[in-house]
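Contents: one structure, followed by commentary.
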Amino acid sequence: MAKSFDVVIIGGGPAGYVAAIRAAQLGLKTACVDKWINKQGKPALGGTCLNVGCIPSKALLDSSEHYHRLIHDLPTHGITAKDAGIDIKAMIKRKDDVVQKLTGGVEMLFKVNKIDWFKGHGRLLANKQVEVSPVDGKGKPEVIQASNVILASGSAPIEIDAAPQDGNRIVDSTGALEFTEVPKRLGIIGGGVIGLELGSVWRRLGANVTILEAQDSFLAHTDQQIAREALKQFTKQGMEIKLGARVVATKVNPKSVTVEYKDGAGDHKFQVDKLIVAVGRRPYTDNLIAPEAGVLLDEAGFVHVDKEWRANQPGVYAIGDVIGGPMLAHKGSEEGVAVAEIIAGGHGHVNYNAIPLVIYTAPEIAWVGRTEEQLKTAGIAYKTGAFPFAANGRALAMNQGIGLVKILADAETDRILGVHMIGHMVSELLQEAVVAIEFQASAEDLARTIHSHPSLAEAIHEAALAVDKRALHKSN
């Protein structure tokens with residue numbers, strides 16, 4: 001007789017494992033099916049984010065930033081080091097150690113919460129049955145029964161015909177985390193979050209980086225004032241960013257890759273030692289749903305859900321990257337909590353207007369809410385205030401006087417509609433803005449909130465004051 005559970009989650013990434021933990025906390029008998037095999041050849045929880053995405057990329061960003069600061073920034077502070085070097089293998093090992101610690105932590109949480117972990121590929125069958133197939137193809141599939149199923153299978157990198165990956169010269173974001181030496185010439189297809197972060201890692205370590213972005217505008221979904229500042233800073237750092245550049249062909253040579261692309265000026269060709277394909281991600285629904293399960297996917301391959309994350313079949317839900325929207329770990333986790341609470345008879349809610357977004361470059365880029373361009377398109381009257389870190393005492397003391405904070409507020413109600421930042425550690429500063437939007441705060445609320453001095457957060461205070469043209473430490 002098949003094992004039976006109140007909830008079976010397919011996918012052990014941030015959406016799936018958080019949904020499993022919350023469901024177990026609520027007293028539901030819970031199982032999670034996941035097929036991830038880590039680089040040590042062992043099953044691991046955490047999905048793309050913990051294994052080859054958010055966590056390892058941030059580990060490498062941190063390591064590379066330390067090295068860059070030692071060489072380029074710390075002499076300004078009077079700190080010098082002779083014969084400083086970088087051991088790439090040690091850097092990669094530290095990244096792997098961080099990954100193993102965190103994925104092992106999720107496994108421990110499963111044990112503490114008595115969650116059954118089925119190691120294999122999960123496939124939804126009819127009548128909320130889930131087939132679990134061994135990843136190595138050996139042994140027979142096992143079928144388990146669920147009262148409720150949550151699809152949380154995540155996403156996978158998009159591949160393009162013009163640059164077929166060979167796992168050596170041409171790689172995706174996963175391969176870019178495993179370079180054993182710094183490529184002298186690095187090409188990146190895609191100027192979004194992944195491309196910029198990976199480009200930053202290897203540029204800091206000495207690579208000559210060229211990014212090819214097909215769109216004519218840089219970071220098109222970001223507030224364009226912030227995007228322009230980001231493009232200026234990345235160009236100053238030595239990254240060559242070509243906009244409106246569409247890759248048409250690549251050729252792998254014994255020691256290089258030839259890249260051909262088109263832009264407004266015509267046809268171009270150049271050579272790189274490594275090429276990263278970072279053009280986005282697609283929902284991972286490969287062999288996820290049997291036809292007889294009757295679950296609808298849209299034309300882009302996302303699972304179709306309603307406002308409470310229900311698919312078109314009773315008792316079947318979907319969350320995270322597989323349903324679209326921002327492909328963010330924290331967005332998927334919040335959806336996982338919400339669905340678990342709905343299944344348990346409660347209420348679940350995710351405020352999609354208050355989802356923070358961050359690009360972990362240096363300077364960092366972070367925002368929440370709507371951009372100025374979106375407000376203009378929607379015909380919403382707004383007012384804006386901005387404050388530069390060049391006028392912030394703490395930023396200058398840290399030699400980090402780059403960037404700004406920008407606040408957009410409703411012209412009539414003063415309610416905060418969007419907050420956008422570029423600067424040092426703005427990923428941490430942003431959380432104040434997220435709370436403000438969640439509580440429907442006004443710019444006046446932030447302006448009347450006392451901020452410690454000296455602090456980077458004072459830039460938020462001053463930007464809020466600037467909304468009504470009364471910033472204290474800059475001319476309005």
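The values are calculated or read from the model by the stated rules, or taken from the named source; none is laboratory data. This structure is a prediction, so every number in the text was calculated from the model and none was measured. Positions of Cβ are backbone-derived with ideal geometry, glycine not excepted, and every protein chain shown enters the neighbour counts. Only protein heavy atoms, including side chains, enter the accessible area calculation; ligands, DNA and RNA are left aside. Shrake-Rupley method; radii C 1.70, N 1.55, O 1.52, S 1.80 Å.
Before moving on, here are some points about what is shown:
- Karplus-derived 3J(HN,Hα) values for region 396-411, using 6.51 cos²θ - 1.76 cosθ + 1.60 with θ = phi - 60°, are 5, 5, 8, 6, 10, x, 10, x, 6, 10, 10, 10, 10, 10, 4, 5 Hz; glycine and proline are entered as x.
- Within the straight-line cut-off of under 14 Å between alpha carbons, the aspartates and glutamates reachable from LYS469 are ASP414, GLU444, sequence neighbours fewer than 8 places apart in one chain being disregarded.
- Dipole in debye (nearest 20) - the chain, about Cα centre, beta carbon charges: Lys, Arg +1; Asp, Glu -1: 1060
- Cα-projected label distance for ASN208 with ASN127, points at 7 Å along beta-carbon direction, nm: 6.5
- Against the empirical 2.2 N^0.38 Å (N residues), region 269-406 has a Cα radius of gyration ratio of 1.45.
- Computed log₁₀ I(q)/I(0) - Debye formula, equal Cα scatterers, no solvent, region 65-129, q 0.13 Å⁻¹: -0.65
- Segment ASP306-ASP216, extension gain: residue separation times 0.36 nm, minus the distance between their alpha carbons: 29.0 nm
- Computed from backbone phi, the HN-Hα couplings of region 253-267 come to 9, x, 10, 7, 10, 8, 10, 10, 8, 10, 9, x, 8, x, 9 Hz, rounded to whole numbers (Karplus: 6.51 cos²θ - 1.76 cosθ + 1.60, θ = phi - 60°; Gly and Pro given as x).
- Computed from point charges on the beta carbon alone (+1 for Lys and Arg, -1 for Asp and Glu), the dipole magnitude for region 67-169 about its Cα centre is near 340 Debye.
- Among beta bridges that DSSP assigns inside the chain, antiparallel share in %, nearest 5: 60
- Under the combined filter of DSSP loop state and at most 10 neighbouring Cβ atoms within 10 Å, region 418-476 retains these trypsin sites (Lys or Arg not before Pro): LYS469.
- In this structure region 121-175 gives 47 Å² per residue of accessible area when probed at 1.4 Å with all protein chains present.
- Gap separating the Cα centres of region 7-66 and region 172-227, nearest whole Å: 25
- Kirkwood hydrodynamic radius over Cα pairs of region 159-231, then Stokes diffusion coefficient at 10 °C and 1.306 mPa s, in µm²/s: 120
- Heavy-atom accessible surface of region 32-120: percent carbon and sulfur, 1.4 Å: 56
- This model, with +1 at the C-beta of Lys and Arg and -1 at the C-beta of Asp and Glu, gives region 1-139 a dipole about its Cα centre of some 400 debye.
- Projecting the Cα atoms of GLY301, LEU50, SER153 onto the dipole axis of the chain, where Lys and Arg carry +1 and Asp and Glu carry -1 at the beta carbon, places LEU50 farthest toward the positive end.
- Projecting the Cα atoms of TYR352, ALA378, PRO454 onto the dipole axis of region 335-476, where Lys and Arg carry +1 and Asp and Glu carry -1 at the beta carbon, places PRO454 farthest toward the positive end.
- In sequence order, calculated HN-Hα J values of region 304-319 (Karplus, 6.51, -1.76, 1.60; Hz; x Gly/Pro): 7, 10, 8, 5, 10, 6, 7, 6, 7, 9, x, x, 10, 10, 9, 9
- Proximal lysines to LYS262, defined as alpha-carbon separation beneath 28 angstrom and excluding residues fewer than eight positions away on the same chain: LYS184, LYS232, LYS236, LYS242, LYS251, LYS274
- Extension gain for ASP83 to ASP161 (0.36 nm times residue separation, less C-alpha to C-alpha distance): 23.7 nm.
- Identified option (computed Rg and Dmax of the Cα atoms in Å; candidates (1) 24.9, 78; (2) 23.7, 75; (3) 24.0, 84): (2)
- Lone cysteines, the chain (no partner Cβ under 4.7 Å): CYS32
- Within region 161-293, the percentage of alpha carbon pairs spaced more than 18 angstrom apart rounds to 55%.
- Screening the chain for whole DSSP H helices with an alpha carbon extent of at least 27 angstrom along the helix axis and a mean Kyte-Doolittle hydropathy of at least 0.0 yields 88-112.
- Shown here for region 395-476: GluC sites (Glu not before Pro) in loop regions (DSSP other than H, G, I, E, B) with at most 14 other Cβ atoms within 10 Å, namely GLU412.
- Heavy-atom accessible area, probed at 1.4 angstrom with all protein chains present, ranks HIS473, HIS330, HIS461 as HIS473, HIS330, HIS461, highest first.
- With all protein chains in place and a 1.4 Å probe, the accessible surface of region 323-399 carries 54 percent carbon and sulfur.
- Only helices enter this figure: runs of n ≥ 4 DSSP H residues, each worth -39500 (n - 2.57), summed and divided by the residues of the chain, yield -9000 deg cm²/dmol at 222 nm to the nearest 500.
- Dipole axis of the chain (+1 Lys, Arg; -1 Asp, Glu on Cβ), positive-most option in ILE437, GLN225, ALA20: ALA20
- 18 Å Cα-Cα reach of LYS307 towards aspartates and glutamates, excluding residues that sit fewer than 8 places from it in its own chain: ASP298, ASP321, GLU334, GLU335, GLU341
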